[in-house]
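Notes follow once the structure below has been shown.
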Amino acid sequence: MKAAQPSQPGQVTLVGAGPGDAELLTLKAVKAIAAADVILVDDLVGEDVLAHARPGARVTYVGKRGGCKSTPQAEIEQLMLQAVRAGENVVRLKGGDPFIFGRGGEEVESLRHAGIEPVVINGITAGLAAMTALGAPLTHRDRAHGVVFVTGHPRKNGPSVNWACLGEAARELRLTLVIYMGISSAASIQAGLLAALPAYTPVAVIRRASLPTQRQCVTTLGDLLDDLHRHGLSSPAIMVVGDVVQGVRAALTQSADDAGPHPNPPPIGEGVTNQRVSFDASRVARKRYGN
């Protein structure tokens, strides 16, 4: 006897959970999470986001963090197909935005190949949220003409990123580089970019942007590796390279002014690095996001 077929087809929705703060979820994302029977969750999605799930929803953690053990991509895709074919509403919950270094494209292709047309709900990508969390814009017409989002962790056995070439493009075209998943490759990134960019190029590194556990470092390209080691900054983190990082120094100054006199205020200037932990980043983030 054949198994009974579901009376209604299921639905797969790829949902961007944003950078971490649950209050940055879109309304559409909250509705999708609340309606899900099955939620497949990436490692970087916080418990506050899952608070929107309905009682009885099956939540499965499928990992996906650079350098850590995770569920194979093929297995994740199979889990989605099994649930949707059983008539269940499936949410594939991803940190940031599904279509920005979230393997959303691969999953959409797999689902379409199986005859399933998914819904995609965008989320705030960490590359945008990271600079906002430091009180500075990602774009500024006086400091850059564009932004490049680039992975620091290319596909295994795939082509590597030509950092020297990318640095040349950033220099000639006045581009800001926003590097995802680059901490483990920081040495090669630094060496490649220094072939094209001056050592004093500003760099910001932001770990767990928008969360109370956020940590950050404002430094220069020449000092990047030393400062990462000195402050113990690890993944998950975003690196922003370019003159827009000067806006973080302005935010540092403003934050210090808001806090009142400091017995030993740190100097802020063109050659200064590491004025990065002298302010409450989570407070700045709350102000910028209106929380």
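Just a few scattered comments:
- From the C-alpha gyration tensor of the range 72-187, square roots of 5λ in Å: 33, 18, 12
- Cut-off under 5 Å, modelled amide H: who pairs with Thr220 long-range: Val203
- In units of the compact-protein estimate 2.2 N^0.38 Å, the range 155-203 shows a Cα radius of gyration of 1.13.
- Note: the range 130-172, Cα convex hull, 87 Å³ per residue.
- The Cβ shell under 12 Å around Ala74 holds other residues with a net charge of -3, Lys and Arg each +1, Asp and Glu each -1.
- Integer Hz, Karplus 6.51/-1.76/1.60 couplings in order for the range 92-104, x for Gly and Pro: 9, 9, 10, x, x, 10, x, 9, 10, 6, x, 6, x
- Thr13 accessible area, assembled protein chains, probe 1.4 Å, Å²: 20 Å²
- By a 1.4 Å probe calculation restricted to protein chains, His140 has an accessible surface near 60 Å², given to the nearest 10.
- Ranked order, Leu228, Leu79 - accessible area, probe 1.4 Å, largest first: Leu79, Leu228
- Nearest-0.05 FRET efficiency for Ser184 and Val119, computed from C-beta distance (R0 41 Å): 0.80
- Percent carbon-and-sulfur accessible area, the range 1-153, ignoring ligands, DNA and RNA, probe 1.4 Å: 53 percent
- Note on Glu168 and His145: their simple-model spin labels are 1.7 nm apart, each label 7 Å out from Cα toward Cβ.
- Compared with the direct C-alpha span, the chain from Tyr61 to Ala195 gains 44.2 nm at full extension, assuming 0.36 nm per residue.
- The range 45-159, accessible area per residue, ligands and nucleic acids excluded (1.4 Å, Å²): 53 Å²
- Computed on protein heavy atoms with a 1.4 Å probe, the accessible areas place Ser210, Ser235, Ser188 in the order Ser188, Ser235, Ser210, largest first.
- Percentage of interatomic Cα-Cα distances in the range 1-151 larger than 20 Å: 50 percent
- The share of Cα pairs per 10 Å bin across the range 131-247, counted from zero up to the longest distance, runs 14, 50, 32, 4 percent.
- The trypsin sites (Lys or Arg not before Pro) of the range 83-160 that meet both conditions, a loop assignment by DSSP and at most 15 other Cβ atoms within 10 Å of the site Cβ, are Arg141, Arg155, Lys156.
The values are calculated or read from the model by the stated rules, or taken from the named source; none is laboratory data. Bear in mind the structure is a predicted one, so any value in this text is a computation, not a measurement. Quick reminder, even Gly has a Cβ in these numbers, built from the backbone with ideal geometry, and neighbours come from all protein chains shown. SASA here: full protein model, heavy atoms, side chains in, ligands and nucleic acids out. Shrake-Rupley method; radii C 1.70, N 1.55, O 1.52, S 1.80 Å.
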